[in-house]
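The values are calculated or read from the model by the stated rules, or taken from the named source; none is laboratory data. Not measured: the values here are computed from a predicted model. All Cβ positions, glycine included, derive from the backbone under ideal geometry; neighbour counts span all protein chains shown. Protein only, heavy atoms only, side chains kept; ligands, DNA and RNA dropped before computing areas. Shrake-Rupley method; radii C 1.70, N 1.55, O 1.52, S 1.80 Å.
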Amino acid sequence: MPRSQAPAHWSRHVNAVHPSVPLRSWLTEPGSLTARLIAHSTHFRVRRIRQARGLVGVDEQQVLQLPRRLLVQQRNVVLECDGRPVVFAHTSVPLDATAADWPLFGSLGERSLGSTLFGDPLVRRGALEFARLSRRHPLVRRLEATLGPQGQPELLARRCLYWRGQGILLVCEIFLPTIVGLSAVGNGTITT
Ligand SMILES: C=C(O[C@@H]1C=C(C(=O)O)C=C[C@H]1O)C(=O)O
């Protein structure tokens, strides 16, 4: 496997990625990341970068229970607090998922995916996994193609599986160092 495709090592133990104390809190956020970021900003925005079919990631195929590297529905967004990017998120949904499984996924636009996942009683959420992604990881390449070089040899990320009906969905969130500078303001509004 070419080194450029080297998958990350994902662990269910956050200590495996040795996060700083402030980043640990964000990485292990048990609720909606969107909700917490809204509470830590005056203006929050989900900036949609791309939502289209794409080849499933090398380290996503198995966890999405795909027999081989197939096309999946992919959604990439940047979560911005007061105009500053703080998270790059990548979501993958197998093409065999029906509209009944994820009724709003295809028409989210710049609405947060989290707003459709959290609070839906039919959605079941799996365990968080954590990894350090090198600059060679495909998702960091996409992040830097979108936001420019981050000047970090590695970025911390988490991912989580969601199930709804027969559907499965994988959300991966890469945390930018700027996130630790956020302070709770409590009156966040959503900018779309
Ligand atoms: C899963 C959540 O949704 C957030 C919003 C996303 C989107 O709109 O694509 C993707 C990942 C998350 O950062 C959340 O808020 O926890």
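Residues checked against (1) in contact (Cβ under 8 Å) with a residue 24 or more places away in the chain; (2) under 26 Å from LEU23 (Cα atoms); (3) in contact with a helix residue (DSSP H, G or I) (Cβ under 6 Å, 6 or more places away or on another chain):
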{"residue": "GLN51", "(1), (2), (3)": "yes, no, no"}
{"residue": "VAL56", "(1), (2), (3)": "yes, no, no"}
{"residue": "VAL63", "(1), (2), (3)": "yes, yes, no"}
{"residue": "ASP82", "(1), (2), (3)": "yes, yes, no"}
{"residue": "HIS90", "(1), (2), (3)": "yes, yes, yes"}
{"residue": "ALA99", "(1), (2), (3)": "no, no, no"}
{"residue": "TRP102", "(1), (2), (3)": "yes, no, no"}
{"residue": "LEU108", "(1), (2), (3)": "yes, no, no"}
{"residue": "ARG124", "(1), (2), (3)": "yes, yes, no"}
Inset, instruction - Take region 141-186 and flag every residue that is away from the ligand (no atom under 16 Å from the Cβ), modelled with pLDDT of 95 or more and not in a loop (DSSP other than H, G, I, E, B). - result: ARG141, GLU144, ALA145, GLU154
Legend entry - Output for region 44-56, where each listed residue is farther than 14 Å from LEU113 by Cα and open to solvent by 20 Å² or more (accessible area, probe 1.4 Å): ALA52, ARG53, LEU55
Inset, instruction - Kindly indicate whether any position in region 61-83 is modelled with pLDDT under 95, at negative phi and of a type outside the set (Asp, Glu). - result: no
Inset, instruction - Determine if region 23-32 includes at least one residue that is part of a helix (DSSP H, G or I), β-branched (Val, Ile, Thr) and either closer than 24 Å to LEU117 by Cβ or at pLDDT 95 or above (or both). - result: no
Inset, instruction - From LEU33, LEU117, LEU108, LEU113, grab the single residue that is within 11 Å of the ligand (Cβ to nearest atom), open to solvent by less than 40 Å² (accessible area, probe 1.4 Å) and either farther than 17 Å from LEU161 by Cα or of a type in the set (Phe, Trp, Tyr) (or both). - result: LEU108
Inset, instruction - Specify which of the listed residues (PRO153, PRO149) is out of contact with any helix residue (DSSP H, G or I) (no Cβ under 9 Å at 6 or more places or on another chain) and farther than 24 Å from ARG50 by Cα. - result: PRO153
Legend entry - Matching residues in region 4-30 - criterion: being open to solvent by 70 Å² or more (accessible area, probe 1.4 Å) and among the charged types (D, E, K, R): ARG12, ARG24
Legend entry - Residue check for ARG68: open to solvent by 20 Å² or more (accessible area, probe 1.4 Å) and either within 10 Å of the ligand (Cβ to nearest atom) or out of contact with any Leu (no Cβ under 9 Å at 6 or more places or on another chain) (or both): yes
Inset, instruction - Working only within region 88-101, note down all residues that are surrounded by 18 or more Cβ atoms within 10 Å (Cβ to Cβ) and away from the ligand (no atom under 12 Å from the Cβ). - result: PRO94, ALA97, ASP101
Legend entry - Residue satisfying all of: in region 71-81; of a type in the set (A, V, I, L, M, F, W, C) and under 13 Å from the mean Cα position of the chain (by Cα); surrounded by the most Cβ atoms within 10 Å (Cβ to Cβ) among these: LEU79
Legend entry - Condition met for SER41 (buried (at least 20 other Cβ atoms within 10 Å of the Cβ), within 15 Å of the ligand (Cβ to nearest atom) and under 18 Å from THR146 (Cβ atoms)): no
